[in-house]
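What follows is a set of notes on a single structure, which appears directly below.
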Amino acid sequence: MSVTLAPMEGVVDQYMRDILTRIGGIDLCVSEFIRVSNNLYPRRKFIEICPELETGGKTAAGIPVHVQLMGGDPVLLAENADKVARIGAPGIDLNFGCPAKTVNRNDAGATLLQWPDRLYEVTSAVRRAVPDHIPVSAKMRLGFEDKSMYLENAHAVEAAGASKLTIHARTKLEGYRPPAHWENLVPIREALSITVVANGEIWTREDFDKCKSICGYEHYMMGRGMIARPSLGLEVKDPAYSKFEWSHIIHLLEDYHKLLQQMRQPLRQAGRLKQWIKLMGRTYPESAALFTRIRRLNSPDEIMEQVYHEKSLMAF
Ligand SMILES: Cc1cc2nc3c(=O)[nH]c(=O)nc-3n(C[C@H](O)[C@H](O)[C@H](O)COP(=O)(O)O)c2cc1C
């Protein structure tokens, strides 16, 4: 069984990966997507999105970070994949799931799910460009507007030589609206012999158990659930674990704040802190209450004052 921390642009950056992989329960991370549209990126672009490339492609806790590329041009993707592999990416993941309109209008992300032969072309070009020992994987949704082609798409990715396919169990049209259609993951598992990874709408250990009983997968990717409930990876791997106490979450926020100081603009630091506190409101009523107090603050120090206030309350 394995747990992958989902790629989440604007949320799961190097700081979040660092914090969450130190906690444990995560076997692999995937970077935020790197949009490949018309050039071969310089080294610094890859390092900017995935600074772990400078530390052996691993987080401080030693968890590998695969680099995700997104685009529709097989030649350009292959060139960029080759380059980032040389820089030290321990794996390349291809994004066939992004639902953003601007991305889809520009021939990238989920739009490619309309043409299984294009998934094949992109994946096989990248596979050929990257040394054999570096795994190439893909991440897709169940379809663009409907679910009529997911098996064809899954077969295309396998035939192109990918060693793993992650499926976010919704179409592009379904966006992020619950439910995720875990039942549609079954035929993909039955049809493919490469590793398949289930993704979508796992927020708790109960969700995980239900998803597993429906789809029967061994491997899982979790995104928002992992942010909202940082113990989730530990909990799904070992029933002895339960949700972290709020006091533990406060410590994590302090650690996160320290890491965020590497971000230049304080406004961005504040944005990240608010984002995490808001998402954790789904698991912790204390975080939801804290968020109402900090939502209008734009200084990380002011936000942390409120976090320290929470901490002082814990002392009683
Ligand atoms: C804010 C946000 C950013 C995302 N960025 C990416 C991305 O860069 N690459 C990708 O493949 N998926 C991305 N996703 C999709 C997630 O990886 C995942 O498939 C989706 O959130 C469903 O899983 P979850 O219910 O466990 O969150 C993003 C999702 C969100 C909400």
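The values are calculated or read from the model by the stated rules, or taken from the named source; none is laboratory data. Treat the numbers as computed from the prediction; the structure is a model and nothing was measured. A quick note on method: Cβ atoms are made from the backbone with ideal geometry, for glycine too, and the neighbour counts reach across all protein chains shown. Areas reflect the complete protein model, heavy atoms only, side chains present, ligands, DNA and RNA absent. Shrake-Rupley method; radii C 1.70, N 1.55, O 1.52, S 1.80 Å.
Looking only at residues of segment 247-262 that are open to solvent by 20 Å² or more (accessible area, probe 1.4 Å) and within 12 Å of MET314 (Cβ to Cβ), we find that the one that is farthest from the chain's Cα centre (by Cα) is SER247.
Quick grid of which residues meet (1) open to solvent by 50 Å² or more (accessible area, probe 1.4 Å); (2) over 28 Å from ALA125 (Cα atoms); (3) small (Gly, Ala, Ser); (4) within 13 Å of the ligand (Cβ to nearest atom):
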residue	(1), (2), (3), (4)
GLU183	yes, yes, no, no
SER193	yes, no, yes, no
ILE202	no, yes, no, yes
PHE208	no, yes, no, yes
GLY216	no, yes, yes, no
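For ALA61, state whether it is away from the ligand (no atom under 13 Å from the Cβ), touching a Lys or Arg at 6+ places or on another chain (Cβ under 6 Å) and touching a residue at least 40 places away in the same chain (Cβ under 8 Å). So ALA61 fits the description; yes. Kindly establish whether GLY88 is under 24 Å from LEU5 (Cα atoms), away from the ligand (no atom under 15 Å from the Cβ) and among the small types (Gly, Ala, Ser). It is true that GLY88 is under 24 Å from LEU5 (Cα atoms), away from the ligand (no atom under 15 Å from the Cβ) and among the small types (Gly, Ala, Ser).
Among the listed residues HIS181, HIS155, HIS168, which satisfies the condition of being touching a Pro at 6+ places or on another chain (Cβ under 8 Å) and in contact (Cβ under 8 Å) with a residue 24 or more places away in the chain? Just one listed residue meets the conditions, HIS155. Taking the numbered list (1) part of a helix (DSSP H, G or I); (2) closer than 23 Å to GLN275 by Cα; (3) open to solvent by less than 20 Å² (accessible area, probe 1.4 Å) in turn, ALA85 passes all entries but (2). Only a single item in (1) over 26 Å from ASP117 (Cα atoms); (2) in contact with a strand residue (DSSP E or B) (Cβ under 9 Å, 6 or more places away or on another chain); (3) open to solvent by less than 30 Å² (accessible area, probe 1.4 Å) is not met by LYS45, and it is number (3). With respect to the stated conditions, GLY72 is closer than 27 Å to ALA180 by Cβ, away from the ligand (no atom under 14 Å from the Cβ) and either surrounded by fewer than 17 Cβ atoms within 10 Å (Cβ to Cβ) or not polar (S, T, N, Q) (or both).
The rows are residues; the columns are (1) in contact with a strand residue (DSSP E or B) (Cβ under 9 Å, 6 or more places away or on another chain); (2) within 30 Å of LYS243 (Cα to Cα).
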site: LYS147; (1), (2): yes, no
site: HIS155; (1), (2): no, no
site: ALA169; (1), (2): yes, yes
site: ASN184; (1), (2): yes, yes
site: ALA198; (1), (2): yes, yes
site: ILE202; (1), (2): yes, yes
site: PHE208; (1), (2): yes, yes
site: CYS211; (1), (2): yes, yes
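In the set VAL3, VAL30, only one residue is touching a residue at least 40 places away in the same chain (Cβ under 8 Å), within 16 Å of the ligand (Cβ to nearest atom) and more than 20 Å from LYS243 (Cα to Cα); that residue is VAL30.
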